[in-house]
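The values are calculated or read from the model by the stated rules, or taken from the named source; none is laboratory data. If you're wondering where the values come from, they're calculated on a predicted model, not measured in any experiment. Every residue, glycine among them, receives a Cβ derived from its backbone with ideal geometry; neighbour counts consider all protein chains shown. The protein model used for the area step is the full one, side chains on, heavy atoms only, and it has no ligands, DNA or RNA in it. Shrake-Rupley method; radii C 1.70, N 1.55, O 1.52, S 1.80 Å.
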Amino acid sequence: MHGDENGVHELTRSERREADRGRSRRPSSKPKRRTRSDRADAAASVPVAPARRAPSGDGARAVVTAPHRTRRNGPARVFATVLVVPAIVGTVALPAYALMPGGGGFEASGVFSLSVAEAQDVDVSALASGAPLSSDAFAVTTKEEIDRAAEEAEAASLPGSSDGAYYIPAQQAEGDDYPWWNETPDDYGGGLSPLRYYFRECVDFVAWRLNRDAGVTSAPWKWDWSNLASGSAYSWADEWVARGRATSDTPIVGSVAWFPYNHVAYVQAVNADGTVTIEEYNQNSDHSYHVRTIPAGSALYLYPPV
């Protein structure tokens, strides 16, 4: 084997054949995962090109070409990654209030000051500071007070008194003596009583009592729809005055208690405590007999006609 003109070593035939064989090798389509020992063996089997020597005349050093080495992640690099990544995530997710002046949190800020803001002073009068305090927040109105107020308002709406002929009958025992108590009322298709008012209405019961007090308990009747008052209790007070009969705000036994809400009752007794006991039918639209006590001033009284 002869050297070339530059004195560079020429590859032998076996070395050239080995180099050509290395270039002809191609990796498979699906390379297998190599173990550490396989990678070490492969690295050892890579041929190392011989060093090229520069011409002796130039005094250059021999250059040896070595294969490229793969960069590996060492323990120090992994440890640095573990420290840096959580620090970045924590900084991004840091709450806004953590960046507030004064150390963060929700403590009261000392920046605002009334003196700095020049807030207006308020002077409280000595009279106001010495005023008594009341623990009553509201007043409760009882049912009795409401009923009393309604009765007073009702009495204020009653017509004035008028003079006329009347009589005072003897006081009778309390009780239901209405002879047609079991008749069908008008609400259920019933008709007129012998007094020509509808059965079991307040006006028919009072007409019966006025006849009874006059000593009449059968036909011919002394009082009926034609000469006593109309079938509507609401108009009885005006008709009493129109016929010249006495009315008053002072109750007497045997008089008619008249209420402006279209109702009449019979005065059974006048009590010493300023109340009146009345008897009535259909007071609450049940077409039945009732007894109740009311304040004397809650009704207008139509005195019995002569």
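Of everything listed in (1) modelled with pLDDT of 75 or more; (2) outside any loop (DSSP other than H, G, I, E, B), the single unmet condition for ARG148 is (1). Go through the range 259-299 residue by residue and tally those that are under 14 Å from GLU201 (Cα atoms) and open to solvent by less than 30 Å² (accessible area, probe 1.4 Å). Of the residues in that region, 9 qualify. If you go through the range 251-284 and keep only what is in contact with a strand residue (DSSP E or B) (Cβ under 7 Å, 6 or more places away or on another chain), among the hydroxyl-bearing types (Ser, Thr, Tyr) and over 18 Å from ASN211 (Cβ atoms), you end up with THR275, THR277. Total residues in the range 227-250 satisfying the condition of being farther than 16 Å from ARG196 by Cα, within 51 Å of the chain's Cα centre (by Cα) and surrounded by fewer than 21 Cβ atoms within 10 Å (Cβ to Cβ): the figure is 3. Would you check which residues across the range 186-200 are out of contact with any helix residue (DSSP H, G or I) (no Cβ under 8 Å at 6 or more places or on another chain) and over 19 Å from VAL216 (Cβ atoms) and list them? ASP186, ASP187, TYR188, GLY189, GLY190, GLY191, ARG200, listed by residue number.
The set of residues in the range 176-185 that are in contact (Cβ under 8 Å) with a residue 12 or more places away in the chain and surrounded by fewer than 15 Cβ atoms within 10 Å (Cβ to Cβ) comprises ASP176, PRO179, TRP181, THR184.
Applying a threshold of 7 Å to beta carbon distances and a minimum spacing of six or more residues, or different chains, the list of pairs starting in the range 266-291 at a residue that is without any contact (Cβ under 8 Å) to a residue 12 or more places away in the chain and ending at one that is open to solvent by less than 10 Å² (accessible area, probe 1.4 Å) and of a type outside the set (S, T, N, Q) reads HIS290/GLU280.
Flag: ASP224 matches the condition of being surrounded by 17 or more Cβ atoms within 10 Å (Cβ to Cβ) and farther than 23 Å from THR277 by Cα. Among the residues of the range 202-219, the ones that are acidic (Asp, Glu) and surrounded by 24 or more Cβ atoms within 10 Å (Cβ to Cβ) come to 1 in all.
Of all residues in the range 217-231, those that are without any contact (Cβ under 8 Å) to a residue 60 or more places away in the chain and closer than 17 Å to LEU302 by Cα have Cβ atoms under 7 Å from Cβ atoms of residues that are open to solvent by 70 Å² or more (accessible area, probe 1.4 Å) and in a loop (DSSP other than H, G, I, E, B), 6 or more apart or on another chain, in ASP224/ARG196; TRP225/ARG196; GLY231/TRP225.
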